[in-house]
Amino acid sequence: MGNIASFFSALFSPDFPFVRNAFFAGALSSILFGLLGSVVTVKRIASLAGAISHAVLGGIGIALYLSATGKVPHLSPMVGAIIFALLSALLIGTASLKSKQREDTVIQAIWAIGMSIGVLFMAKTPGYSDPSSYLFGNILLISAQDLWLLLALDIVVIILISRFYAQLEATAFDEEFAQVRGIPTQAVFLVILAVTAIAVVLLQTFVGIVMVIAMLTLPAGTAGFSAKNLAMMMVSSTIYSFIFSTAGLAAGWAFDAPVGAMVVVIAGLFYLGMLLFNALKKRRRRS
């Protein structure tokens, strides 16, 4: 679909509003990926976030079926997704806190059951909904309403992190010390999962369910190579997310390729490059 220059022409052209929507979606999503991704990475709960992001498909499938069959007219897939995401977060969070030895089993079960329920209900939906559109997403189809929802969630997350940053940092790096200081670590953990669950629902419109987990970890992982504290990691991760999303959007336009996949490939290659660079640097120091 042309080269990189044509992407920037389309970005500022009134004839391509969907390109601008996609660009702003990438910018707004970057804030969520940067802030929440840093917390997810530092607390090492990527597998929990991954299970929630895949279980969401169950809520989407049920909502599509109920709406298409007239049982609950005009039920939005997003409503079903949010309900399933919060239920999954509650179940996974409770299992993680109460039964550490069975945590992996519960995570895998919710992951598999949620996706399977979604596929089954989609298959029974009149007109049949293809799950791939929800699994892989399409940022070029994002609407103005989606942008406002992303902006609202950005504001909520920024306010929460600003207000409770000290507690968040304490529980992220030394949970036992935080408990001694009287910080309700279990409540903080469940709130993190709940906010991440809602973010996952909105972000799946950006890169899709399958790729949300990659963008929650890769920019934060890249930022972790140089960040000295959680705040610096959040800022760096947000910047990396914006760069990756914009580069992926431009590359997807230039090579007529799925944007979500391009974003994750660019983010992944950059992360692996940084990993290799740091490994070589450490090796040189030792020698």
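Please pick out the residue among ILE117, ILE155, ILE192, ILE161 that is part of a helix (DSSP H, G or I), at pLDDT 85 or above and surrounded by fewer than 13 Cβ atoms within 10 Å (Cβ to Cβ).
Answer to the check: ILE155.
Can you find, within region 254-272, the residue that is surrounded by the most Cβ atoms within 10 Å (Cβ to Cβ) among those that are assigned to a helix (DSSP H, G or I) and more than 22 Å from the chain's Cα centre (by Cα)?
This residue is ALA254.
Is it fair to say SER76 is in contact with a helix residue (DSSP H, G or I) (Cβ under 7 Å, 6 or more places away or on another chain), within 18 Å of ILE192 (Cα to Cα) and polar (S, T, N, Q)?
Against the criterion (in contact with a helix residue (DSSP H, G or I) (Cβ under 7 Å, 6 or more places away or on another chain), within 18 Å of ILE192 (Cα to Cα) and polar (S, T, N, Q)), SER76 does not qualify.
When PHE8 is evaluated against the numbered criteria (1) on the phi < 0 side of the Ramachandran plot; (2) at pLDDT below 85; (3) in a loop (DSSP other than H, G, I, E, B), which criterion, by number, is the only one it fails?
Only one criterion in (1) on the phi < 0 side of the Ramachandran plot; (2) at pLDDT below 85; (3) in a loop (DSSP other than H, G, I, E, B) is unmet by PHE8, namely (3).
I need every pair where a residue in region 243-265 that is closer than 9 Å to PHE7 by Cα and touching a residue at least 40 places away in the same chain (Cβ under 8 Å) has its Cβ under 8 Å from the Cβ of a residue that is of a type in the set (Phe, Trp, Tyr) and assigned to a helix (DSSP H, G or I), sequence separation at least 6 or different chains.
LEU249/PHE7; LEU249/PHE23; ALA250/PHE7; ALA250/PHE8; TRP253/PHE7; ALA254/PHE7
With the condition kept exactly as written, say whether any residue in region 226-247 is over 20 Å from the mean Cα position of the chain (by Cα), within 20 Å of LYS43 (Cβ to Cβ), among the aliphatic types (A, V, I, L, M) and part of a loop (DSSP other than H, G, I, E, B).
Checking region 226-247: at least one residue is over 20 Å from the mean Cα position of the chain (by Cα), within 20 Å of LYS43 (Cβ to Cβ), among the aliphatic types (A, V, I, L, M) and part of a loop (DSSP other than H, G, I, E, B).
What number of residues within region 223-248 are over 20 Å from ASP154 (Cα atoms) and buried (at least 24 other Cβ atoms within 10 Å of the Cβ)?
Total satisfying the criteria: 1.
Of all residues being in a helix (DSSP H, G or I) and modelled with pLDDT under 85 in region 32-48, which is farthest from VAL119 (Cα to Cα)? Just the residue, please.
ALA46
Listed here are the residues, each with its yes/no results for (1) free of Cβ contacts under 8 Å to residues at least 40 places away in the same chain; (2) surrounded by fewer than 19 Cβ atoms within 10 Å (Cβ to Cβ); (3) not β-branched (Val, Ile, Thr); (4) not in a helix (DSSP H, G or I).
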| residue | (1), (2), (3), (4) |
| --- | --- |
| PRO73 | yes, yes, yes, yes |
| MET78 | no, no, yes, no |
| SER88 | no, no, yes, no |
| ILE107 | no, no, no, no |
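Might you let me know whether region 45-65 holds any residue that is of a type outside the set (A, V, I, L, M, F, W, C), over 23 Å from ALA214 (Cβ atoms), surrounded by fewer than 20 Cβ atoms within 10 Å (Cβ to Cβ) and out of contact with any His (no Cβ under 7 Å at 6 or more places or on another chain)?
No, the conditions are met nowhere in region 45-65.
Only one of (1) out of contact with any Lys or Arg (no Cβ under 7 Å at 6 or more places or on another chain); (2) in a helix (DSSP H, G or I); (3) at pLDDT 85 or above fails for TYR65. Which number is that?
Just one mismatch for TYR65, condition (1).
Taking into account only those residues within region 164-188 that are aromatic (Phe, Trp, Tyr) and at pLDDT below 85, which is nearest to SER96 (Cα to Cα)?
PHE173
Got at least one residue in region 213-229 being without any contact (Cβ under 8 Å) to a residue 40 or more places away in the chain and β-branched (Val, Ile, Thr)?
No, region 213-229 contains no residue that is without any contact (Cβ under 8 Å) to a residue 40 or more places away in the chain and β-branched (Val, Ile, Thr).
The values are calculated or read from the model by the stated rules, or taken from the named source; none is laboratory data. The structure displayed is predicted, hence computed values, not measured ones. Don't worry about glycine lacking a Cβ; one is built from the backbone with ideal geometry, like all the others, and counts go over all protein chains shown.
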